[in-house]
Amino acid sequence: MIFEQEKTFEKWGQISGFLLSYVLFTAILFIIMKILGKVSEYSSALYIAAITLAITFAGWLIKRLLK
């Protein structure tokens, strides 16, 4: 007999995994860009987070369009 898995825990796991990986990737990208001098002194981590969010949204949109 096959039982249906609990969908709410799976959904929360996907959301929390995405958020954790997003924050981790943004932090690592900001640190690397800061070390290499590619970030000006006036831009902050929120600027890098906005760029990363735009890339994520573009990927999601392309995935939806290709479905």
| query | Consider PHE9 against the criteria (1) surrounded by 10 or more Cβ atoms within 10 Å (Cβ to Cβ); (2) hydrophobic (A, V, I, L, M, F, W, C); (3) assigned to a helix (DSSP H, G or I): it satisfies all of them except one. Which criterion is unmet? | reply | (1)
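Residue by residue, here is whether (1) surrounded by 11 or more Cβ atoms within 10 Å (Cβ to Cβ); (2) of a type in the set (Gly, Ala, Ser) holds:
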{"site": "GLN14", "(1), (2)": "no, no"}
{"site": "TYR22", "(1), (2)": "yes, no"}
{"site": "ILE31", "(1), (2)": "yes, no"}
{"site": "SER43", "(1), (2)": "yes, yes"}
{"site": "TYR47", "(1), (2)": "yes, no"}
{"site": "ILE51", "(1), (2)": "yes, no"}
{"site": "TRP60", "(1), (2)": "no, no"}
{"site": "LYS63", "(1), (2)": "no, no"}
{"site": "LYS67", "(1), (2)": "no, no"}
| task | Please work out which residue is nearest to LEU19 (Cα to Cα), limiting yourself to the range 35-52 and to residues that are in a helix (DSSP H, G or I) and β-branched (Val, Ile, Thr). | result | THR52
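Readers should treat all values here as calculations from the given coordinates under stated rules, not as data from a laboratory. Here the structure is a predicted model, which means the values were calculated and not measured. Here the Cβ is made from the backbone with ideal geometry for all residues, glycine too, and neighbour counts use every protein chain on show.
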